[in-house]
Amino acid sequence: MHRPPSTLTRRKFLRGSAAAFAGGSLFRPGRACADDYHDIPLGERPTQAPGLEILNPRGRVPASFIIDDSTCLVNMGKFCMPQFAEAWPDRAEYKKDWKSWPDEIPDSFVRTFAEWCQDRGVKGKYSIVPYPAMVGWVDREMPGWSRAELRASVAYVRDVMAADWDIHPEMITHTRIIDTRTGRALPQKDDGTYWMENGGWTPGKSVDELANYIAYALNILKNAGFHCDGATTPGGFGNGAIVNLSQAMGEAIQSVYKVDLPHYFKYLDLDKSGSTAPRVEHVSGLKTGNPNAIVNVLGGTGDWFGGWDGVSAGDVAESVDKFINADATSGRMVEMIEKGDPAVFLCHWAGMYHNGDLTGFRIFQQVVDRVIAAYKPRIHWMKLSEIARYQAARELTAIEALDGGFQLDAPYPCPAFTVRLPLASDKAPAILPVRDRIPPSLREVATKESLVPNTWLREGDHVTLCFDLPKGETVVTAN
Ligand SMILES: [Zn+2]
């Protein structure tokens, strides 16, 4: 489905496997495709006067953990396997003994995982596949479990986990394409295979067709009481239509949830010379006060935990080292953090549980412990929606130079906005009142690690200010 590539043959690696890409067919599962996300139009950009530099939030590197293929109760590794095997009968990776695997990833494990993360401040994205492998509907019935069990499972994610984790649909089933008029899977194809969400259906689809499909998935989660600012593509969903996919994601999420800034997750950039900075796409209406944009949030690692099927963990120590070695001198997390790019790593939920032996979770715990030991004062754990918002504010806030300061015009409000500008005198920097808005007073701190909203730091002839950026105009001075 979406296993990490064994060899990197493209500078910008689209999510998926090199083997699938080399196969050259858009009808294969996995994230790789012949398209290139650099073709997706960015749209409008404002004027940004030089002199004021926008830093990472609180001067720290964003860190986030992406969890794919999670849902309520259902072990997606087990239930996806036979459907993938029928759709791609020539692929050895789908010929596994799925019948012996557990039906369930229990809520006790969800709770163990979430509490462990909460204790350490880890945040990210957690998928809820709405109609997981067609086993049942998260907003109605999940055959194999009682209504009470399903309600409790939904409630824990919705009412507890969602504080630290964006909830995304990963389309409707993650397996078969659903006819959104009937709710039934599309019939078998003439060649005996099937229309699958993770590969083959999207090439050539219009924005409206894609948006209708994404909105159907979102509406199921809305019906179950979840809030979504974003959505995740299963495997190769969107391949062959990636420009339309970007626009459709924005339209679908905004139409179902009325959010001001939607985001989506589809791509990985695993290359040291690339960047995991999100792409702010299809921007329009910047001067209207009611702008439109969709943020493409990128992951930066492969799944080096337990794999999507929950039986594919490698050696624990070797896997941990791929993210970060013992003295934090190598590994993909080290590369991203040292570069200052968002350190976004990912797993598949079945691999974390790993059919009950928790191998993926043990790898994850060691990775997080090492990241925190080496970098705690230098990183800032964020949900994907928060990383998306920061990038949109960073790229889309207009900056105008004034005498002794700068005027910012922000289309999106943004917490912990952090800027660096030259200090012209001994006077403390300030945020000035604009119209009837009372600006926050800023407190000086002595170290970069102490930056939180409404503080500033002197560094030679420059100052760094951290504050919650409101929508509209803000004037900062340092004269
Ligand atoms: Zn997936």
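Restricting attention to region 92-133, the residues being in a loop (DSSP other than H, G, I, E, B) and within 21 Å of R151 (Cα to Cα) number 8. Against the test of being on the phi < 0 side of the Ramachandran plot and under 23 Å from the mean Cα position of the chain (by Cα), the options P89, P46, P41 yield a single qualifying residue, P41. Pairs only if they're at least six apart or on different chains, beta carbon under 8 angstrom, first in region 64-85 and farther than 30 Å from H380 by Cα, second more than 10 Å from the ligand (Cβ to nearest atom) and in a strand (DSSP E or B); list them, first residue then second. Matching pairs, first to second residue: L73/E104; V74/E104; N75/E104; Q83/R176; Q83/M196; F84/M196. Residue check, P89 against (1) within 16 Å of the ligand (Cβ to nearest atom); (2) more than 30 Å from V334 (Cα to Cα); (3) part of a loop (DSSP other than H, G, I, E, B), all met but one. Which one? Failed condition: (1).
For region 57-77, taking the residues that are within 20 Å of G302 (Cα to Cα) and part of a strand (DSSP E or B), the one that is nearest to the ligand (Cβ to nearest atom) is identified as D68. Residues that are among the aliphatic types (A, V, I, L, M) and crowded, with 24+ Cβ neighbours inside 10 Å were ranked within region 347-365; the one that is farthest from the ligand (Cβ to nearest atom) is I363.
At pLDDT 95 or above, assigned to a loop (DSSP other than H, G, I, E, B) and surrounded by fewer than 19 Cβ atoms within 10 Å (Cβ to Cβ): is that true of T173 in this structure? It is false that T173 is at pLDDT 95 or above, assigned to a loop (DSSP other than H, G, I, E, B) and surrounded by fewer than 19 Cβ atoms within 10 Å (Cβ to Cβ).
Considering only residues that are more than 15 Å from the ligand (Cβ to nearest atom) and among the hydroxyl-bearing types (S, T, Y), which ones fall in region 103-134? Passing the criteria: S108, T112. Mind checking whether some residue in region 229-237 is surrounded by fewer than 21 Cβ atoms within 10 Å (Cβ to Cβ), on the phi > 0 side of the Ramachandran plot and either touching a residue at least 24 places away in the same chain (Cβ under 8 Å) or not in a strand (DSSP E or B) (or both)? Scanning region 229-237 turns up no residue that is surrounded by fewer than 21 Cβ atoms within 10 Å (Cβ to Cβ), on the phi > 0 side of the Ramachandran plot and either touching a residue at least 24 places away in the same chain (Cβ under 8 Å) or not in a strand (DSSP E or B) (or both). Considering only residues in region 394-406 that are under 20 Å from A430 (Cα atoms) and among the aliphatic types (A, V, I, L, M), the one that is farthest from the chain's Cα centre (by Cα) turns out to be L402.
The values are calculated or read from the model by the stated rules, or taken from the named source; none is laboratory data. Here the structure is a predicted model, which means the values were calculated and not measured. Note that each Cβ is placed from the backbone with ideal geometry, even for glycine, and that neighbours are counted across all protein chains shown.
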